[in-house]
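Down below is the structure, laid out as structure tokens.
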Number of protein chains: 4
Amino acid sequence: MPQATGEKLWYIPDAYIPEKSSGGLTSHESVCVINTASEDALLSFTVFFEDRAPLEDILVVVPARRTKHIRTSSLAKGGASIPVGVPYAIEVRSDIKIIVQYSRLDATQAENALMSVIAYPVRSSS
Amino acid sequence: MPQATGEKLWYIPDAYIPEKSSGGLTSHESVCVINTASEDALLSFTVFFEDRAPLEDILVVVPARRTKHIRTSSLAKGGASIPVGVPYAIEVRSDIKIIVQYSRLDATQAENALMSVIAYPVRSSS
Amino acid sequence: MPQATGEKLWYIPDAYIPEKSSGGLTSHESVCVINTASEDALLSFTVFFEDRAPLEDILVVVPARRTKHIRTSSLAKGGASIPVGVPYAIEVRSDIKIIVQYSRLDATQAENALMSVIAYPVRSSS
Amino acid sequence: MPQATGEKLWYIPDAYIPEKSSGGLTSHESVCVINTASEDALLSFTVFFEDRAPLEDILVVVPARRTKHIRTSSLAKGGASIPVGVPYAIEVRSDIKIIVQYSRLDATQAENALMSVIAYPVRSSS
């Protein structure tokens with residue numbers, strides 16, 4: 001039976017949805033997750049801002065033995081979503097171990113720019 | 001005698017082969033491996049998708065004391081290869097310790113964009 | 001009560017403020033911090049150069065339960081700031097645990113280029 | 001007395017010096033090092049290739065309390081340097097603890113592309 005791999009708590013300090021897109025592609029960010037386990041993973045996102053209280057408990061399911069590339073523009077809770085053009089940061093908690101990578105495509109100019117990091121994992125004892 | 005270094009299990013959550021290329025370069029991804037040991041490393045790739053079962057047991061050899069920059073478009077098993085334009089994720093298992101980095105060149109636009117990460121290593125006890 | 005997460009000491013070896021900007025965006029670097037704790041974090045930056053003594057003890061506060069995306073051009077001490085077009089490196093010390101990511105937007109050309117890394121954390125025993 | 005920080009052994013699997021440059025910038029790679037100690041660090045580079053034996057024992061000094069951003073095109077030993085347009089990989093050994101980041105500017109096209117990673121550290125017991 002395939003087991004869960006990675007960690008349950010991950011952080012991305014530099015998140016930002018560019019305001020503009022030009023050329024053929026659309027500016028966007030993705031939080032990319034692998035769930036290696038034979039059971040679904042339930043993720044809870046917390047979004048940190050510079051000037052207001054965090055937006056908490058945005059839930060996303062990543063099915064067993066699947067990857068999910070989650071657009072940050074799809075993260076919403078009670079009608080509140082992440083504003084564009086505002087610096088923010090992301091915490092991802094999962095009920096089982098997962099692996100998380102963050103990537104941004106900035107298409108503000110006609111030619112796109114890319115950046116990517118493996119999110120920062122916090123080791124748990126369990 | 002040079003020893004194996006790194007870890008035996010590595011993950012890349014954000015993999016994607018762009019559909020288009022323009023300008024002088026071709027869009028591609030590379031899984032780049034160092035084998036510091038005096039023996040060959042046998043790698044087994046598992047490819048995770050969003051909407052279908054994983055593609056397992058794609059084998060690649062990295063010779064002793066060599067690097068190999070593996071194009072993901074070359075990964076195939078029984079006639080099945082990785083489709084372009086589809087979000088996926090990569091697991092790399094090796095029989096000896098190695099080090100793994102993932103890079104993508106996106107040449108969708110005339111001017112290219114680059115991203116790179118050291119893959120996420122899972123510590124083993126052996 | 002939310003607790004501090006991450007590490008207290010982080011390093012970024014490759015820092016550089018590009019001399020020029022063209023197109024719609026300005027070249028810049030950001031040191032992006034998450035403070036998950038219910039108390040403020042006091043950060044002290046040390047800037048290392050290739051050919052002169054380090055610039056030490058530049059202080060920045062990151063409020064409780066907030067992120068802060070700090071432009072390196074804003075880091076100054078006693079009238080001394082970081083010169084453009086010069087290779088340098090950054091140490092970030094904090095009185096409580098934080099998480100740090102570094103990103104650079106290079107707009108030297110009309111079309112921008114991006115790079116980002118999670119800073120290198122040094123594990124502490126406390 | 002400031003102490004050495006980081007690790008003594010670091011790896012960069014994906015190294016590559018682009019063959020061409022256009023526009024105002026030159027394609028290049030940098031291995032960026034911080035030496036936090038009050039003594040100089042002596043680094044020994046090993047370069048791994050896909051199809052030939054490694055190039056070993058290329059020596060570089062990073063002075064005490066300084067950073068050094070080392071162009072890979074400057075690494076040479078006995079008249080042998082790193083060829084352009086060839087996939088390779090880098091091992092960095094140091095006699096004291098350091099921190100290492102790798103960055104590449106690809107100016108093959110008129111508009112530049114950037115990528116960067118913190119090199120992979122191998123933990124030592126000493």
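The values are calculated or read from the model by the stated rules, or taken from the named source; none is laboratory data. It should be emphasised that the depicted structure is a prediction, and the values quoted were computed from it without experimental measurement. FYI the Cβ positions are ideal-geometry reconstructions off the backbone, even for glycines, and counts take in every protein chain you see.
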Quiz item: Looking only at residues in segment D:108-122 that are facing chain C (nearest Cβ under 9 Å) and among the β-branched types (Val, Ile, Thr), which one is nearest to residue B:26 (Cα to Cα)?
Solution: D:117
Exercise. Evaluate segment A:72-90: report whether one residue or more is in contact with a Pro (Cβ under 6 Å, 6 or more places away or on another chain) and closer than 30 Å to residue C:37 by Cβ.
Key: yes
Self-check item: Residue selected from segment D:1-30 under the condition of a type in the set (Val, Ile, Thr) and more than 14 Å from chain B (Cβ to nearest Cβ), by the criterion surrounded by the most Cβ atoms within 10 Å (Cβ to Cβ)
Solution: D:5
Practice problem: Would you be able to tell me the number of residues in segment B:6-54 that are touching a Ser or Thr at 6+ places or on another chain (Cβ under 8 Å), of a type in the set (Ser, Thr, Tyr) and within 21 Å of residue A:5 (Cβ to Cβ)? | Solution: 2
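Is segment C:13-32 home to any residue that is over 18 Å from residue C:87 (Cα atoms), within 15 Å of the chain's Cα centre (by Cα) and not basic (Lys, Arg)? So that I can check it myself, show each step before the final result.
Taking segment C:13-32 and keeping what is over 18 Å from residue C:87 (Cα atoms), we get C:22-26, C:32.
Now restrict to residues that are within 15 Å of the chain's Cα centre (by Cα): C:32.
Subset that is not basic (Lys, Arg): C:32.
Yes.
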Quiz item: Out of all the residues in segment C:98-126, which are surrounded by fewer than 21 Cβ atoms within 10 Å (Cβ to Cβ) and either among the hydroxyl-bearing types (Ser, Thr, Tyr) or out of contact with any strand residue (DSSP E or B) (no Cβ under 9 Å at 6 or more places or on another chain) (or both)?
Solution: C:110, C:124, C:125, C:126
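Do we have residue C:59 as within 27 Å of residue A:49 (Cβ to Cβ), out of contact with any helix residue (DSSP H, G or I) (no Cβ under 8 Å at 6 or more places or on another chain) and surrounded by 17 or more Cβ atoms within 10 Å (Cβ to Cβ) here? Can you show your working first?
Working: within 27 Å of residue A:49 (Cβ to Cβ): yes; out of contact with any helix residue (DSSP H, G or I) (no Cβ under 8 Å at 6 or more places or on another chain): yes; surrounded by 17 or more Cβ atoms within 10 Å (Cβ to Cβ): no.
Against the criterion (within 27 Å of residue A:49 (Cβ to Cβ), out of contact with any helix residue (DSSP H, G or I) (no Cβ under 8 Å at 6 or more places or on another chain) and surrounded by 17 or more Cβ atoms within 10 Å (Cβ to Cβ)), residue C:59 does not qualify.
With the structure loaded, tell me whether residue B:95 is buried (at least 23 other Cβ atoms within 10 Å of the Cβ) and among the charged types (D, E, K, R) or whether it fails that test.
Working: buried (at least 23 other Cβ atoms within 10 Å of the Cβ): no; among the charged types (D, E, K, R): yes.
The answer is no for residue B:95.
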Practice problem: Provide a single number: the residues in segment C:17-60 that are assigned to a loop (DSSP other than H, G, I, E, B), at pLDDT 95 or above and of a type in the set (Ser, Thr, Tyr). | Solution: 2
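From the list D:92, D:60, which residue is in contact (Cβ under 8 Å) with a residue 40 or more places away in the chain and more than 10 Å from every other protein chain (Cβ to nearest Cβ)? Don't jump to the end; show me each part of the working.
Values: D:60 fails: in contact (Cβ under 8 Å) with a residue 40 or more places away in the chain.
When all the criteria are applied, what remains is D:92.
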Quiz item: Looking at segment D:78-86, is at least one residue outside any loop (DSSP other than H, G, I, E, B) and either surrounded by 22 or more Cβ atoms within 10 Å (Cβ to Cβ) or modelled with pLDDT of 95 or more (or both)?
Solution: no
